[in-house]
1. Counting only residues that are surrounded by fewer than 16 Cβ atoms within 10 Å (Cβ to Cβ) and part of a loop (DSSP other than H, G, I, E, B), which one in the stretch 124-138 is farthest from the chain's Cα centre (by Cα)?
2. Note down all Cβ pairs under 6 Å where the first residue falls in the stretch 211-226 and is on the phi < 0 side of the Ramachandran plot, the second is of a type in the set (Ser, Thr, Tyr) and crowded, with 24+ Cβ neighbours inside 10 Å, and they're at least six residues apart or on different chains.
3. So for the stretch 175-190 (the condition being out of contact with any Pro (no Cβ under 8 Å at 6 or more places or on another chain), farther than 20 Å from Thr116 by Cβ and aromatic (Phe, Trp, Tyr)), does at least one residue qualify?
4. Can you confirm whether the stretch 164-177 contains a residue that is over 29 Å from Gly279 (Cβ atoms) and either out of contact with any strand residue (DSSP E or B) (no Cβ under 9 Å at 6 or more places or on another chain) or part of a loop (DSSP other than H, G, I, E, B) (or both)?
5. Of all residues being free of Cβ contacts under 8 Å to residues at least 12 places away in the same chain and assigned to a helix (DSSP H, G or I) in the stretch 107-123, which is surrounded by the most Cβ atoms within 10 Å (Cβ to Cβ)? Just the residue, please.
6. Output the number of residues of the stretch 255-270 satisfying the condition of being farther than 15 Å from His166 by Cβ and assigned to a helix (DSSP H, G or I).
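The values are calculated or read from the model by the stated rules, or taken from the named source; none is laboratory data. These numbers come from a predicted model, not from an experiment. All Cβ positions, glycine included, derive from the backbone under ideal geometry; neighbour counts span all protein chains shown.
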Amino acid sequence: MNKIPIGQLNNQRAAQAFCDYLKTKNIHTWTEQQEDFFFVLIDDPDNEDFASAELREFLTNPADDKYLDASWNSGTTNTVFSSQSSGNSNGAGLKQFLSRSGPMTQSLVVISIIITLITNFGANMDITRYLLIADITQYQGGLNEIFAGQIWRLLTPVFLHFMVIHILFNMMWLWDLGGNVEKQQSSFFLLFFVTSIGIMSNLIQYYSSGPAFGGMSGVVYGLLGYVWIRSLKPSSSYKLPKSIIGLMLAWLVLGYTGLIGAIGNAAHLSGLMLGMAYGFAWNIYE
């Protein structure tokens with residue numbers, strides 16, 4: 001197969017977004033990373049001049065609707081976001097930001113923010129007590145409320161956050177990783193993933209430390225593990241920079257040192273392992 005480079009970009013998502021657009025023109029294209037750059041390649045020399053001209057146009061306005069539409073329809077990238085797009089307007093920047101996610105991701109973020117605010121970061125126990133996996137104001141051991149029919153408690157702890165940095169960190173990664181999964185697979189799949197990983201990691205955290213916990217971190221680590229394993233398959237359109245993997249794993253290890261205070265280590269680790277298991281299973285299925 002010919003490998004004809006038509007240009008390079010220093011942003012992975014921008015390179016993938018341009019590839020998505022060329023695919024709408026029936027041009028077979030892909031990206032290859034070399035150090036800090038992402039090369040756009042095609043295999044047909046007859047398309048070289050056209051593709052090169054399109055790349056020059058893309059670099060002048062990567063936020064154009066036609067690129068965003070191509071990215072969404074192809075499901076192989078989660079944003080058009082390039083450091084070369086310094087001339088974008090605020091409106092285009094907002095469109096770029098929103099393009100990184102789908103309706104399910106956005107709904108999960110909104111629900112998390114609303115619940116965090118109405119519970120006053122967990123301080124309002126009149127509400128928080130009904131969202132924890134067990135009512136800590138009258139806790140005597142066991143999951144009595146759940147067995148009594150309050151099954152929402154299995155999941156709702158993922159929407160509770162107790163510090164500003166806590167929710168900012170989780171929502172940033174949910175928006176990025178969750179949006180990626182939603183756009184490459186479906187909103188229903190993301191809902192299934194978040195629900196199942198959330199419930200399982202909540203139960204593991206509960207049996208590890210009791211009912212006083214909350215946060216989307218277990219789900220976020222599940223998404224990390226899933227995207228990581230999916231990206232290892234050569235034919236997969238999932239991509240995850242090694243720097244992101246290293247950062248998240250370092251944070252996971254740091255949690256076990258006790259240097260950053262009380263943290264849901266069991267939910268983090270179990271979420272990661274469960275997400276990786278899902279990734280392996282899906283790679284085999286595909």
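1. Just the residues of the stretch 124-138 that are surrounded by fewer than 16 Cβ atoms within 10 Å (Cβ to Cβ), to begin with: 124-127, 130, 136-138.
Right, trim to part of a loop (DSSP other than H, G, I, E, B) and you get 124, 130.
On the way: Asn124: 29, Tyr130: 28 Å.
Among residues in the stretch 124-138 that are surrounded by fewer than 16 Cβ atoms within 10 Å (Cβ to Cβ) and part of a loop (DSSP other than H, G, I, E, B), the one farthest from the chain's Cα centre (by Cα) is Asn124.
2. Pairs that qualify, where the first residue is on the phi < 0 side of the Ramachandran plot and the partner is of a type in the set (Ser, Thr, Tyr) and crowded, with 24+ Cβ neighbours inside 10 Å, are Gly218/Ser201.
3. Checked the stretch 175-190: at least one residue is out of contact with any Pro (no Cβ under 8 Å at 6 or more places or on another chain), farther than 20 Å from Thr116 by Cβ and aromatic (Phe, Trp, Tyr).
4. In the first step, residues of the stretch 164-177 are kept if they are over 29 Å from Gly279 (Cβ atoms); the result is 164.
Right, trim to either out of contact with any strand residue (DSSP E or B) (no Cβ under 9 Å at 6 or more places or on another chain) or part of a loop (DSSP other than H, G, I, E, B) (or both) and you get 164.
Within the stretch 164-177, one or more residues are over 29 Å from Gly279 (Cβ atoms) and either out of contact with any strand residue (DSSP E or B) (no Cβ under 9 Å at 6 or more places or on another chain) or part of a loop (DSSP other than H, G, I, E, B) (or both).
5. Only one residue fits best here, namely Ser107.
6. Summing the residues that are farther than 15 Å from His166 by Cβ and assigned to a helix (DSSP H, G or I) in the stretch 255-270 gives 5.
Let's see how each residue does on (1) in a strand (DSSP E or B); (2) modelled with pLDDT of 75 or more:
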site: Trp30; (1), (2): yes, yes
site: Phe38; (1), (2): yes, yes
site: Leu41; (1), (2): yes, yes
site: Glu48; (1), (2): no, yes
site: Glu54; (1), (2): no, yes
site: Glu57; (1), (2): no, yes
site: Ala63; (1), (2): no, no
site: Tyr67; (1), (2): no, yes
site: Phe81; (1), (2): no, no
